[in-house]
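Would you mind keeping the following structure in view while I ask a few things?
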Amino acid sequence: MATHLVSLISEHLLPNYLLAKEMHCRYDEHIFITTARMEEKLMTSRFSNTLKVKKEEVKIIVVPEDDLSDAMKKMKLENFNKDDKFIVNITGGTKIMSIATVINFLDYNADFYYIPILTNKIENVKTSEDLPIRYRVNVEEYLSLYGLRFEFDNGEVVDNGHKFEEYICNRICSEKGLKKGFVYRGVKLFRDVSEQINDNEIDIVWTADNQLFVGECKISLTPPNGKETRAEPVEYLNNIMYKLSAISKDFGLMVNPYIFIKSKLPKQFNSDRIKSINKRLKILGIKGLLSSQELQQQKLKI
């Protein structure tokens, strides 16, 4: 008798990965239920690579994403062994895939699990019992699930900008109790694993409680060209926010972007301006802007 872990494949692979790691040593084989669209996006390959299992050792079932009857027929044809055990993660995929999967495996010795977004718990669908997720993904695992390769700066800190990045990086590491592999500075991101030129750069990347955090660090809001007109710091901050927001879209549903500024905000950043900035930060999905006042507090509010 074998035990199989069944995963419904979608673009958001983190819940599948978390259950796979939490159930480590409790199953023998993987079953991926996927669609033609997900296959075109190489999602099963991405998931296999992150799990460090060979794709040819995984049973892959391709079903339609929007046809319940056809999806059920495809799974029935697999004629799984009735003596086997199935651990079924219904978090991913489309609703049709999830319904078809549940209906199919109700005829088998199966447990069904669901991982609510932004939580570290597993819900047993049959018993309504909540189980804690103790496993924590590191930066490499998280980025791999989103098809990203990365390199990081491990060189000597030589200028004020890099020193400030190092300072923020060390504070995050200390305050969050992060181990090696969970925080990096000077990260270069590559969408193509064979590409030599990076697509984007981020000053700081870290993972905590199975969420991804990214940070952009600036010494001040004086633009690099040195010109100091009234409009420039505002425009410069806007550029930083839009860039960070655009990059963050590569990281799925649970990314937490922050902006760190070593100096005080310029004088033209009055209360009305701050209110407008906070509104724009919220619209762009940026969790916070921390300047010198916030950095002087005992703990960073991140």
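Can you tell me which residue in region 41-69 is nearest to Ile122 (Cα to Cα), limited to those that are aliphatic (A, V, I, L, M) and part of a helix (DSSP H, G or I)?
Leu51
Moving on. If you go through region 148-168 one residue at a time, do you hit one that is within 15 Å of Gly215 (Cα to Cα), touching a Phe, Trp or Tyr at 6+ places or on another chain (Cβ under 8 Å) and aliphatic (A, V, I, L, M)?
Scanning region 148-168, I find at least one residue that is within 15 Å of Gly215 (Cα to Cα), touching a Phe, Trp or Tyr at 6+ places or on another chain (Cβ under 8 Å) and aliphatic (A, V, I, L, M), so the answer is yes.
Would you check if Val187 is under 20 Å from Thr50 (Cα atoms), touching a residue at least 24 places away in the same chain (Cβ under 8 Å) and in contact with a Cys (Cβ under 7 Å, 6 or more places away or on another chain)?
So Val187 fails the test.
Would you be able to say whether some residue in region 89-106 is in a strand (DSSP E or B), in contact (Cβ under 8 Å) with a residue 12 or more places away in the chain, surrounded by fewer than 19 Cβ atoms within 10 Å (Cβ to Cβ) and of a type outside the set (Val, Ile, Thr)?
no
Considering only region 110-134, how many residues are surrounded by fewer than 16 Cβ atoms within 10 Å (Cβ to Cβ) and either among the basic types (Lys, Arg) or under 18 Å from the mean Cα position of the chain (by Cα) (or both)?
Adding up the residues that qualify gives 7.
Additional query: Report the residue count in region 242-268 for those that are more than 22 Å from the chain's Cα centre (by Cα), within 26 Å of Lys188 (Cα to Cα) and surrounded by fewer than 16 Cβ atoms within 10 Å (Cβ to Cβ).
Counting residues in region 242-268 that are more than 22 Å from the chain's Cα centre (by Cα), within 26 Å of Lys188 (Cα to Cα) and surrounded by fewer than 16 Cβ atoms within 10 Å (Cβ to Cβ) gives 1.
Turning to a different aspect of this structure: Among (1) surrounded by fewer than 17 Cβ atoms within 10 Å (Cβ to Cβ); (2) in a helix (DSSP H, G or I); (3) under 17 Å from the mean Cα position of the chain (by Cα); (4) hydrophobic (A, V, I, L, M, F, W, C), there is one condition Leu143 misses while meeting the rest; what is its number?
It is condition (1) that Leu143 fails.
Does Asp153 qualify as being closer than 30 Å to Ile87 by Cβ and either surrounded by 12 or more Cβ atoms within 10 Å (Cβ to Cβ) or over 17 Å from the mean Cα position of the chain (by Cα) (or both)?
Considered against the rule, which asks whether it is closer than 30 Å to Ile87 by Cβ and either surrounded by 12 or more Cβ atoms within 10 Å (Cβ to Cβ) or over 17 Å from the mean Cα position of the chain (by Cα) (or both), Asp153 comes out as no.
Pairs please, first residue from region 61-88 and outside the structural domain of Ile33 (by TED's automatic domain parsing), second anywhere and modelled with pLDDT of 95 or more and part of a loop (DSSP other than H, G, I, E, B), Cβ atoms under 7 Å, 6+ apart in sequence or on different chains.
Within 7 Å, no pair qualifies.
A follow-up question, please. If you scan region 46-76, which residues turn out to be within 20 Å of the chain's Cα centre (by Cα) and surrounded by 14 or more Cβ atoms within 10 Å (Cβ to Cβ)?
Arg46, Phe47, Ser48, Asn49, Thr50, Leu51
Of the residues that make up region 168-181, is at least one assigned by TED's automatic domain parsing to the domain that holds Pro224, part of a loop (DSSP other than H, G, I, E, B) and either crowded, with 20+ Cβ neighbours inside 10 Å or hydroxyl-bearing (Ser, Thr, Tyr) (or both)?
No: region 168-181 contains no residue that is assigned by TED's automatic domain parsing to the domain that holds Pro224, part of a loop (DSSP other than H, G, I, E, B) and either crowded, with 20+ Cβ neighbours inside 10 Å or hydroxyl-bearing (Ser, Thr, Tyr) (or both).
Please determine, by comparing only the residues of region 190-202 that are touching a residue at least 40 places away in the same chain (Cβ under 8 Å) and assigned to a strand (DSSP E or B), which one is farthest from Gly215 (Cα to Cα).
Phe190
Yes/no matrix, rows are residues, columns are (1) polar (S, T, N, Q); (2) farther than 30 Å from Leu212 by Cβ:
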{"site": "Ala2", "(1), (2)": "no, yes"}
{"site": "Ser10", "(1), (2)": "yes, no"}
{"site": "Gly92", "(1), (2)": "no, no"}
{"site": "Ile103", "(1), (2)": "no, yes"}
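Just name the residue that is nearest to Val137 (Cα to Cα) out of those in region 246-268 that are assigned to a loop (DSSP other than H, G, I, E, B) and either in contact (Cβ under 8 Å) with a residue 40 or more places away in the chain or of a type in the set (Ser, Thr, Tyr) (or both).
Met254
Moving on to the next point. Return the pairs, sorted by first residue and then second, in which the second residue is crowded, with 23+ Cβ neighbours inside 10 Å and among the small types (Gly, Ala, Ser), the first residue lies in region 12-40 and is assigned by TED's automatic domain parsing to the domain that holds Lys76 and part of a loop (DSSP other than H, G, I, E, B), the beta carbons are less than 8 Å apart, and the residues are 6+ apart or on different chains.
Going by the 8 Å Cβ cut-off, the qualifying pairs are His12/Gly92; Leu13/Gly92; Thr35/Gly93.
Looking for something touching a strand residue (DSSP E or B) at 6+ places or on another chain (Cβ under 9 Å) and among the β-branched types (Val, Ile, Thr) - is there at least one such residue anywhere in region 221-230?
For region 221-230, residues touching a strand residue (DSSP E or B) at 6+ places or on another chain (Cβ under 9 Å) and among the β-branched types (Val, Ile, Thr): absent.
Could you grab me the full set of residues in region 269-281 that are exposed (fewer than 13 other Cβ atoms within 10 Å of the Cβ) and either in contact (Cβ under 8 Å) with a residue 24 or more places away in the chain or under 23 Å from Cys169 (Cβ atoms) (or both)?
Once the filter is applied, which keeps residues that are exposed (fewer than 13 other Cβ atoms within 10 Å of the Cβ) and either in contact (Cβ under 8 Å) with a residue 24 or more places away in the chain or under 23 Å from Cys169 (Cβ atoms) (or both), region 269-281 yields nothing.
The values are calculated or read from the model by the stated rules, or taken from the named source; none is laboratory data. Please read these numbers as outputs of a predicted model, since none were measured by experiment. Positions of Cβ are backbone-derived with ideal geometry, glycine not excepted, and every protein chain shown enters the neighbour counts.
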